[in-house]
1. Exceeding 24 Å between C-alpha atoms, which entries from my cross-link table qualify? They are 90/189; 5/83; 159/179; 132/186.
2. Take every Cα-Cα pair in the stretch 37-81 and report what % of them are more than 13 Å apart.
3. Relative to the Cα centre, what is the charge dipole magnitude of the stretch 3-106, using +1 at the beta carbon of each Lys and Arg, -1 at the beta carbon of each Asp and Glu, and rounding to the nearest 20 debye?
4. In sequence order, what are the phi-derived ³J(HN,Hα) couplings for the stretch 31-38 according to the Karplus relation 6.51 cos²θ - 1.76 cosθ + 1.60 with θ = phi - 60°, rounded to whole Hz, with x for glycine and proline?
5. Within 10 Å, count the other beta carbons around each residue, average over each peptide in 92-100, 35-43, and list them highest first.
6. How do 179-188, 70-79 rank on mean C-beta neighbours within 10 Å, highest first?
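Taken together, the values in this text are just the output of simple stated rules run on the coordinates, not laboratory data. Just so you know, these numbers come straight off a predicted model, no measurement behind them. Cβ coordinates were reconstructed from backbone atoms using ideal geometry, including for glycine residues, and neighbour counts include every protein chain displayed.
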Amino acid sequence: MKKNKYKALTSKSALQGAAVGLMTAIIIFLLSMDSPALAKVERISLADIFYFFPGLWAVLTLPFLFAVTNYWISRKLSGILNKQFRKIKKEAGRTRQVLAFIENIRQDKLDIPLKNKDKKDQQDKNKDKDKKDQEKNKENKKDEKKDEKSGSQGQEMNKEEMERFLEALQEKDKEVQEKAKQQQIKTNKKITEKEW
């Protein structure tokens with residue numbers, strides 16, 4: 001719904017409230033004119049009614065009170081409707097994406113990327129993190145090598161020690177890569193759960 005429709009809804013309900021309040025006030029005035037206290041008065045005027053029933057001054061405010069109350073209620077309801085409309089619109093967009101994806105799968109167009117203009121793809125963020133982590137690991141390895149070289153102070157490693165050292169580094173690198181893959185899988189699952 002557009003904003004104009006919400007404004008029309010609130011103004012219409014305020015007018016309906018004022019009309020109900022006016023009708024209620026007229027009915028109360030008519031009933032008060034038929035009261036036994038006014039039966040003794042020959043000619044009944046509004047001043048006589050207000051003299052005998054001073055609380056009727058409050059009845060004059062009924063149209064205003066009903067209008068304000070209905071206006072407030074309709075504003076709250078239009079706010080709720082607006083939120084629901086936005087949620088429905090968001091779900092419709094998600095549904096369109098899913099249907100487009102399914103259609104691409106049916107047509108074997110798996111290489112077509114999904115359109116996501118609003119946010120950077122979460123996988124790209126994860127890849128950037130993984131690259132940074134790998135760079136830090138490489139720097140740490142270089143620092144470790146420098147420390148080992150300086151610690152040995154001139155002692156050279158023989159061939160077997162170097163091979164063991166390289167194997168250990170390769171195993172650590174594989175472990176880091178496996179952890180990165182597992183982390184990426186976890187984040188992808190979380191992303192898909194949030195989107196659904």
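1. 159/179
2. 66
3. Value, rounded to 20: 1260 debye.
4. The phi angles translate into 5, 6, 6, 8, 6, x, 5, 8 Hz.
5. Highest to lowest by the protection proxy: 92-100, 35-43.
6. Ranking, from highest mean packing down: 70-79, 179-188.
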